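Report on one structure; see the data block that follows.
The values are calculated or read from the model by the stated rules, or taken from the named source; none is laboratory data. As the structure is a computational prediction, the values presented were derived from the model and not from experiment. Don't worry about glycine lacking a Cβ; one is built from the backbone with ideal geometry, like all the others, and counts go over all protein chains shown. We work out accessible area using only protein heavy atoms, side chains counted, and drop any ligands, DNA or RNA first. Shrake-Rupley method; radii C 1.70, N 1.55, O 1.52, S 1.80 Å.
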Amino acid sequence: MPGWTGGRVDGWTGGRVDGWTGGRVERRTGRDRIQFERSSGPPLTQGKELVPPRRSLHSLWWSVVAGVLATTSVRAQQPSPPKPAGPKTLVGVVTDTIGNPIDSVELTISSLKRHAMSGADGTFRFDDVKAGPYQVVARRLGYYPQAQSTTVDDKGGVVAFSLLPGIRALPPVVSSVVRGGLSGVIGDTAYNIVSEAQISVIASDHRTLSDSMGRFFLDLKPGKYMVNVSRPGYRTRLVSVTIPNDSGRRMTVWLTPTNVGQYNRDAMAFDALAARLARRNPVWSNIYTREDINRMGIEDGIQLAQVGAGKRMDDTCSAIIDGGPRRLPLWAIETADIEAMETYTAPPPRRTVTSINRNQPIRGQAQAANVCGATVFVWLRK
């Protein structure tokens, strides 16, 4: 208030009075009413309303943003990991990538066949755990599973998880049709038609584009195929298909929009998959599509891998996820999450001499030992 020299202001938040020299402003119901007296000039009518100016939409918007950021910064404070709880005890905490605790996470210790659930503060606890190294896996719907290694000693053990949120795309739908080959429709997760999407069969020359209605057709012979569906502006999808002798297959694929294009890691993984499929020996390898997994009725990833490898695999064996480099223990993978599985078993050494060095390893060449007896690749339904 320019020219203000005295008086009392109760709860005043805005407005302008020129030449004001006395009086008081009282806060009343919803508006500001003024009772005043002036040192000079004509008397002013009592009860004149003085309404505070409205805040601009721009300033209101930034006030809201500042409040949200302040709230988020408070919520994002990562809780400190719990302290060791003593001998024969394993404790831990589960948070997301910004530090918020996650409840209802299933924690599993495979070697002990033990399970626990995280509480509202993200913490969990296993009692009566003997000293030694352990691997703990955390799983929850909406997040990618994660495995951590820890050791329980005379003070106990502590493990912390930071789960990455997983965007669950709509899974592809494959159905049987009378017409042979592979046909289908390509759309996005908002159920819009996607035209000019490329549908290509990995390790094959078969490829085509979806038309203006999102439809396509590939004249494929009976067999198992890994199909790559891609288009700029969308995340590439991998779909496994089994075409029988007496009918064809029709698939509906929903692509997830993205603004980063195809990831280099995905492109490298698909190229490596094409190379493996092109040179694989059907005697020492197996490919299981989604349809194969449904028909077999197997629920555990380790059981499916054992069938493919033809030998027993223990809880230490892991699978390469989505082409790598990420790995997960086979026992922590449920077949409901698998789109396709590849198993490759090393053939036994030859008994006859077929090389000039009498089948001996080349000097200086590293020999990769596979204690599980097979290499397993798992492609998740994402």
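For residues in region 267-285 being under 23 Å from the mean Cα position of the chain (by Cα) and open to solvent by less than 20 Å² (accessible area, probe 1.4 Å), which is modelled with the highest pLDDT?
Just the residues of region 267-285 that are under 23 Å from the mean Cα position of the chain (by Cα), to begin with: 267-273.
Applying the additional criterion that residues be open to solvent by less than 20 Å² (accessible area, probe 1.4 Å) yields 269, 273.
Values: Ala269: 91, Leu273: 95.
Among them, the one singled out is Leu273.
Just to be sure, is Ala305 buried (at least 18 other Cβ atoms within 10 Å of the Cβ), aliphatic (A, V, I, L, M) and within 23 Å of the chain's Cα centre (by Cα)? Let's see the steps before the verdict.
Values: buried (at least 18 other Cβ atoms within 10 Å of the Cβ): yes; aliphatic (A, V, I, L, M): yes; within 23 Å of the chain's Cα centre (by Cα): no.
No, not satisfied.
Name the pairs: first residue in region 307-327 and farther than 23 Å from Tyr144 by Cα, second residue open to solvent by 50 Å² or more (accessible area, probe 1.4 Å), Cβ to Cβ under 7 Å, at least 6 apart or on different chains?
What qualifies is Gly308/Asn286; Arg312/Gln306; Met313/Gln306.
Does Arg179 meet the test of being surrounded by fewer than 18 Cβ atoms within 10 Å (Cβ to Cβ) and either among the small types (Gly, Ala, Ser) or over 30 Å from Ile243 (Cα atoms) (or both)?
Details: surrounded by fewer than 18 Cβ atoms within 10 Å (Cβ to Cβ): yes; either among the small types (Gly, Ala, Ser) or over 30 Å from Ile243 (Cα atoms) (or both): no.
Criteria not met by Arg179.
Can you name the residue in region 133-144 that is surrounded by 12 or more Cβ atoms within 10 Å (Cβ to Cβ) and part of a strand (DSSP E or B) and is also nearest to the chain's Cα centre (by Cα) among such residues? Spell out the reasoning first.
Taking region 133-144 first, the residues surrounded by 12 or more Cβ atoms within 10 Å (Cβ to Cβ) are 134-140, 143-144.
Filter again for part of a strand (DSSP E or B), leaving 134-139, 143.
On the way: Tyr134: 25, Gln135: 21, Val136: 19, Val137: 15, Ala138: 13, Arg139: 11, Tyr143: 5 Å.
Per the stated criteria, the residue is Tyr143.
Give me the pairs, please: first residue somewhere in region 143-163 and at positive phi, second residue anywhere and surrounded by fewer than 18 Cβ atoms within 10 Å (Cβ to Cβ) and assigned to a strand (DSSP E or B), beta-carbon distance under 6 Å, and either six or more positions apart or on two chains.
Hits for this filter: Gly156/Thr89.
Only one of these is open to solvent by less than 70 Å² (accessible area, probe 1.4 Å), on the phi > 0 side of the Ramachandran plot and of a type in the set (Gly, Ala, Ser): Ser110, Ser104, Ser118. Name it. Break it down stepwise before answering.
Working: Ser110 fails: on the phi > 0 side of the Ramachandran plot; Ser118 fails: on the phi > 0 side of the Ramachandran plot.
Exactly one residue qualifies, and that residue is Ser104.
Could you pull out the residue among Thr95, Thr150 that is polar (S, T, N, Q) and open to solvent by 10 Å² or more (accessible area, probe 1.4 Å)? So that I can check it myself, show each step before the final result.
Details: Thr95 fails: open to solvent by 10 Å² or more (accessible area, probe 1.4 Å).
Checking each option against the conditions leaves just Thr150.
Which residues, taken from region 286-299, are surrounded by 12 or more Cβ atoms within 10 Å (Cβ to Cβ) and in contact with an Asp or Glu (Cβ under 7 Å, 6 or more places away or on another chain)? Spell out the reasoning first.
So the first thing to find is which residues in region 286-299 are surrounded by 12 or more Cβ atoms within 10 Å (Cβ to Cβ), and the list is 286-294, 296, 298.
Within region 286-299, Ile287, Arg290 meet the criteria.
Within region 123-179, how many residues turn out to be under 30 Å from Arg249 (Cβ atoms) and of a type in the set (Val, Ile, Thr)?
Matching residues across region 123-179 total 5.
For the subset of region 189-211 comprising residues that are farther than 17 Å from Tyr234 by Cα, assigned to a loop (DSSP other than H, G, I, E, B) and without any contact (Cβ under 8 Å) to a residue 24 or more places away in the chain, which member is least open to solvent (accessible area, probe 1.4 Å)?
Restricting to residues being farther than 17 Å from Tyr234 by Cα, assigned to a loop (DSSP other than H, G, I, E, B) and without any contact (Cβ under 8 Å) to a residue 24 or more places away in the chain, the top hit is Ser204.
Against the definition (under 16 Å from Val158 (Cβ atoms), outside any strand (DSSP E or B) and open to solvent by less than 70 Å² (accessible area, probe 1.4 Å)), how does Val129 come out, yes or no?
Details: under 16 Å from Val158 (Cβ atoms): yes; outside any strand (DSSP E or B): yes; open to solvent by less than 70 Å² (accessible area, probe 1.4 Å): yes.
Yes; evaluated as a whole, the condition is true for this residue.
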